[in-house]
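Only the coordinates and a few stated rules stand behind these numbers; no lab work does. Given the structure is predicted, the values throughout are model-derived calculations rather than measurements. Cβ atoms come from the backbone with ideal geometry, glycine included; neighbour counts cover every protein chain shown.
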Protein chains: 2
Amino acid sequence: MTSEFDADTAISRVAAGAYRAEVSSRWNVADKPNGGYLLALALRAATAELPLPHPFTATAHYLRAPVPGPALLDVEVVRAGRTHATAEVRLLQEDTEVLRALTTFGDLGTLSGPTHVAAGPPDFPPVEECLTGRAAAMPDGTPVAIAERFDMAVHPDTLGWPRGQPTGSAQVGAWVRLVDGRDPDPLMLAMVVDALPPPVFDIGAAGWVPTIELTTHIRALPAPGWLRVWVTTRFLQGGYLEEDAEVWDSEGILVAQSRQLARLTGWTQQQH
Amino acid sequence: MTSEFDADTAISRVAAGAYRAEVSSRWNVADKPNGGYLLALALRAATAELPLPHPFTATAHYLRAPVPGPALLDVEVVRAGRTHATAEVRLLQEDTEVLRALTTFGDLGTLSGPTHVAAGPPDFPPVEECLTGRAAAMPDGTPVAIAERFDMAVHPDTLGWPRGQPTGSAQVGAWVRLVDGRDPDPLMLAMVVDALPPPVFDIGAAGWVPTIELTTHIRALPAPGWLRVWVTTRFLQGGYLEEDAEVWDSEGILVAQSRQLARLTGWTQQQH
């Protein structure tokens, strides 16, 4: 059986370097497809064109609001070397460019250089002591279809705002896996870095947090099973903020890092 | 008098969206122009084409080794909106693409949204208690021309390896200003995030650390005077590493954040 993620990132070749895809509404927040999901779709097209298998680094600039429905992916191979290969992907809907991505691929299965790691995974209670349940809608009733794509077990010190108790600290941590049991791989990681609710909501902000740019580094092939995802915002300045995500696999290895620049719009300070 | 940085990022228009530049050897490490300097040059060309003044986010993929000498900058305006404008820049030398960048611009002078900051600048001793002097060569004699472009005052707990005493922690912090007194601005910040020696050298690594991809967010207009720059590597995995830089201005405001993915090559473990 094809997993939801694989079905919703399927592409079909229509010409040299050109692919057709269907942007699914299953990864929506309100009526907007999630940005990480769109980048994963772009990376699927890059994978089809590049001689190396895995995205090492991928950046997307979000140009216009995407919609569920047909999309065209145009891939340009910028450089194809033996160790690294770079591509550009443009995602178009109704002849309008919605997203542009730059990505450099390599082979995570052949890394042989030195390893020296200065930080371990964040301290998480076991899954069964975390907060479970799928919040398929925001407190104001806005539907969040993407929440139904995951089993999530939220670190109890984070994500207080859905319970009316913002923690005051812009951090969200959760155990995460796809609800249909599909194990993580590099493309799934490129999506999951953007799958948690915005940490800024826990400092009392409400509004919309559209991503301007998202960059993800895939640092290792993930082991099967639960991921630990930790997302932090430290600097909300003049309405702009960064979201830094780290993803750790079930063996405690850092498998992805991401940072996005986003803008908080429609801000209303909540009472708390 | 034109500053070194402005002289070495000067461009001249040769056609619609096309600019000629001269890559200076003054920003070299060994015989290679610094990656942050090249990105600043690309952003100078983007500035000439976009209707908004400042890079909010910029990503460069380094495709081939650059050399000092003539370069052509090709700018494509991807989208020009009222609040954000996105461009792509290709830097070519001898008809070969050396760097490709994606950048989204805005106006840092008009930010009016909320501010909530969770971290202050790192704890630095005053300039006069830091380690000064310009290391214009590596211990092995490799020339480092870029070091002569700055006054630097290094945090004494960091950068032990040039003194034969690696600290064991992959962090470098320094007070930094341009040697000719030119004050920081967004383009200078896009260069300075990449101007310090690789933090990984302080865990006993020696070698070459070529950047694969560098992304910088400019978060505020910097005040005149000294910058505090702090660069950290936490994850060296299979020979690949991230370098995270934060830049704080003289008023203690975070003005830039960057992350790069780089590869440690020619690794030799040093005795210490």
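List of remarks:
- Peptide-level mean, for B:233-246, of C-beta atoms on other protein chains within 10 Å: 6
- Each copy carries a label point for A:His116 at 7 Å from Cα toward Cβ; from one copy, the others' points are 3.8 nm away, ordered from shortest.
- The order of B:Asp140, B:Asp202, B:Asp123, going from fewest to most other C-beta atoms within 10 Å of their C-beta, is B:Asp140, B:Asp123, B:Asp202.
- When peptides B:71-81, B:181-191, B:108-118 are sorted by average Cβ neighbour count within 10 Å, with the highest value leading, the order is B:181-191, B:71-81, B:108-118.
- Under Karplus coefficients 6.51, -1.76 and 1.60, residue-wise ³J(HN,Hα) of region B:229-245 in Hz, glycine/proline x: 10, 10, 10, 9, 10, 9, 10, 9, 10, x, x, 9, 8, 9, 10, 9, 10
- Counting Lys and Arg as +1 and Asp and Glu as -1 over every other residue whose Cβ lies under 9 Å from the Cβ of A:Glu148, the net charge comes to +3.
- Nonlocal amide H pairs with A:Asn28, under 5 Å, H built at 1.01 Å: A:Asn34, A:Ala145, A:Ile146
- Only the Cβ atoms of Lys and Arg (+1) and of Asp and Glu (-1) were treated as charged; on that basis the dipole of region A:75-194 about its Cα centre amounts to roughly 220 debye.
- Shielding by partners - mean other protein chain Cβ count within 10 Å, residues of B:109-117: 6
- Residue among B:Val247, B:Val14, B:Val144 with the largest mean-square fluctuation in a Gaussian network model of chain B, springs linking Cα atoms under 10 Å: B:Val14
- Local electrostatic count at A:Ser3 - Lys and Arg +1, Asp and Glu -1, tallied over other residues with Cβ under 12 Å: -2
- The other copies place their A:Thr132 label points at 6.2 nm from this one, listed shortest first, where each point is 7 Å from Cα along Cα→Cβ.
- Partner chain coverage, peptide B:55-66 - average Cβ within 10 angstrom: 4
- Residues in region A:167-176 carry Karplus couplings, in order, of 6, x, 10, 7, 9, 9, x, 7, 6, 9 Hz; the curve used is 6.51 cos²θ - 1.76 cosθ + 1.60 with θ = phi - 60°, and Gly or Pro positions show x.
- Across region B:82-176, Cα pairs under 8 Å and at least six residues apart give a relative contact order of 17 percent.
- When peptides A:156-162, B:210-216, B:90-96, A:57-63 are sorted by average Cβ neighbour count within 10 Å, with the highest value leading, the order is A:57-63, B:210-216, A:156-162, B:90-96.
- Each residue, B:Asp107 and A:Val117, gets one label point 7 Å from its Cα in the Cβ direction; the gap between the two is 4.7 nm.
- Three-way shape call for region B:39-104 based on the alpha-carbon gyration tensor, with the a/c threshold at 1.5: prolate
- Computed over chain A: relative contact order in percent, which uses C-alpha pairs under 8 Å that are six or more apart: 17
- Within-11-Å neighbourhood charge of B:Asp157 [Cβ basis; K, R +1; D, E -1]: -2
- Gyration tensor verdict on region A:1-135 (Cα atoms; rounded if a/c is under 1.5, prolate if a/b is larger than b/c, oblate otherwise): oblate
- With label points defined 7 Å past Cα in the direction of Cβ, position B:Glu251 shows copy-to-copy spacings of 5.0 nm, given to one decimal and shortest first.
- In order through region B:64-79: 3J(HN,Hα) via Karplus (6.51 cos²θ - 1.76 cosθ + 1.60), integer Hz, x for Gly, Pro: 8, 5, x, 9, x, x, x, 8, 10, 10, 9, 10, 10, 7, 7, 7
- Cut-off under 5 Å, modelled amide H: who pairs with B:Val78 long-range: B:Thr86, B:Ala87, B:Glu88
- Theoretical ellipticity at 222 nm over chain A - DSSP helices of four or more residues, -39500 (n - 2.57) apiece, nearest 500: -3000 deg cm²/dmol
- By average C-beta atoms within 10 angstrom, highest first, the peptides A:149-155, B:145-151: A:149-155, B:145-151
- At R0 = 35 Å, FRET efficiency that the Cβ-Cβ distance of A:Trp208 and B:Ala48 yields, to 0.05: 0.60
- Sequence-separation-based contact order of region B:63-221, relative, with Cα cut under 8 Å and 6+ spacing, percent: 15
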